[in-house]
Amino acid sequence: MKLAMIGFGQAGGKIVDRFLDYDDRTGSGIVRAAIAVNSAKADLIGLDNIPQENRVLIGQARVKGHGVGADNELGAEVAEEDIDEVQNAIDSIPTHEVDAFLIVSGMGGGTGSGGAPVLAKHLKRIYTIPVYGLGVLPGTDEGGIYTLNAARSFQTFVREVDNLLVFDNDSWRQTGESVEGGYEQINEEIVRRFGILFGAGEVGDGQEVAESVVDSSEIINTLSGGGVSTVGFASEEVELNSGGGLLSRFTGDDGGGTDDDLDAANTTNRITSLVRKAALGRLTLPCEIEGTERALLVLSGPSEYLNRKGIERGRKWLEEETGSMEVRGGDFPREEPEVAAAILLSGVTNVPRIKRLQQVAIEAQDNIDDIQQESEENLEELVEDDEDELEPLF
């Protein structure tokens, strides 16, 4: 799948920057074009891989390159005011070679959470290709204002895109790690999961073609109903066994080239086990998978260990667990020392994290209103004692 990626805000820019690095390392060719948009000049300077001419600074007249200070209403305003600046960068993208736009944004800050929905609305008005969002939720320990920003941004963003893929920082933060190290690991996890998903079906010179190809149309059809999506992932390292050409850890074979039927049965069982782990393990957005509207299963790894029976059995299990009649699946041959299952669950609705986010945001909004009112009353009380004796200047 060929994507035009636009990182909006600090988190979005860093993730798109990391996607370009992933593309370079793996040769996956997912990112056809990459743009970073920000109101903070320092964040744009700190990027490594996005070309200088594709780094767009917005809001200079309002915030002088210093960011919007976690004010996502201001983030939305400067995005609307400077949308032509962003469009100028997008004009250089050969959209006839692109399958979709992907707008990547952290949803807790100001620039990305406010500006990403504005850009999505703008792109959908102009282009006919799908416009997807990849939104990153802040951790619950990041504070009330970030939770409030995320809740308001989520509500707006999900309405403006063709589908919103969500990654929840809360599920991936590890105790004891540095802030920078934590975000590095999270960004790598995002890129790895979505990289395999969007990279499926891409075949380079000399590479093997999948038995059951997953191309861009499969992904687009899975995301076509809109709503919220999450991605599950599980992998198992494998070792190439030069004796029998088998992956001993994956198939359980000792390299002696024993029974082919046993090898096939082992491979099938391991594949279905990986599919279960991917669907029931840590999703990018934790949710109940029952009631999922559409799903896509991608099995990647060395081709001789991706048997059709295992993939079909995994797809059937996924149908039963989700209750969906639209479960697509296929394989993605890769010469990597692992077999991996990536599962896209689209149109999920039973998401406790989102409900909790909305509740906490409403409480934060009420608290902010109460604090503001109390502050005004305290200020009035502070100065009113002197009002009878002093005359104000004007």
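The values are calculated or read from the model by the stated rules, or taken from the named source; none is laboratory data. Just so it is clear, the structure is predicted and the values come from calculations on it, not from any experiment. To get the accessible areas, we keep the full protein, side chains included, count just its heavy atoms, and leave off ligands, DNA and RNA. Shrake-Rupley method; radii C 1.70, N 1.55, O 1.52, S 1.80 Å.
For the range 3-200, what is the accessible area per residue in Å² when the probe is 1.4 Å?
In whole numbers, the range 3-200 has 39 Å² accessible per residue.
Give the relative contact order (percent, whole number) for the range 3-200; include only Cα pairs under 8 Å separated by 6+ residues.
Relative contact order of the range 3-200: 22 percent.
Could you pull out every one of the lysines with an alpha carbon less than 21 Å from that of K124, ignoring same-chain neighbours closer than 8 positions?
K2
If E80, E326 are ordered by their accessible area, calculated over protein heavy atoms with a 1.4 Å probe, which sequence runs from highest to lowest?
Ranked list, largest accessible area first: E80, E326.
Applying the Karplus parametrisation 6.51 cos²θ - 1.76 cosθ + 1.60 with θ = phi - 60° to the phi angles of the range 71-86, what ³J(HN,Hα) value in whole Hz is obtained for each residue in order, glycine and proline being reported as x?
Result, ordered by residue: 9, 7, 5, 5, x, 5, 5, 5, 5, 5, 5, 10, 4, 5, 4, 5 Hz.
Check which residues have an amide H placed less than 5 Å from G225's amide H, if you skip close sequence neighbours.
Here nothing satisfies the definition.
Hey, could you get me the Stokes-Einstein D for the range 263-379, Kirkwood radius over alpha-carbon pairs, 4 °C and 1.567 mPa s, rounded to whole µm² s⁻¹?
78 µm²/s
Just to make sure I understand: if all protein chains stay in place, what is the order of R294, R270 by accessible area at 1.4 Å, largest first?
Putting R294, R270 in descending order of accessible area: R270, R294.
Can you tell me the equivalent ellipsoid semi-axes for the range 3-200? Use √(5λ) from the Cα gyration tensor, largest first, whole Å.
So the equivalent ellipsoid measures 22, 21, 16 Å along its semi-axes.
Near K316, which lysines are there with a Cα under 26 Å away, not counting those fewer than 8 places off in the same chain?
Leaving aside lysines fewer than 8 places away in the same chain, those within reach of K316 are K277.
Along each of its three principal axes, how wide is the spread of alpha-carbon positions in the range 1-69, in whole angstrom units, largest first?
Principal extents (largest minus smallest coordinate, Cα): 40, 19, 18 Å.
Identify all lysines with a Cα-Cα distance to K64 below 27 Å; exclude those on the same chain that are fewer than 8 residues away in sequence.
Within reach: K14, K41, K121.
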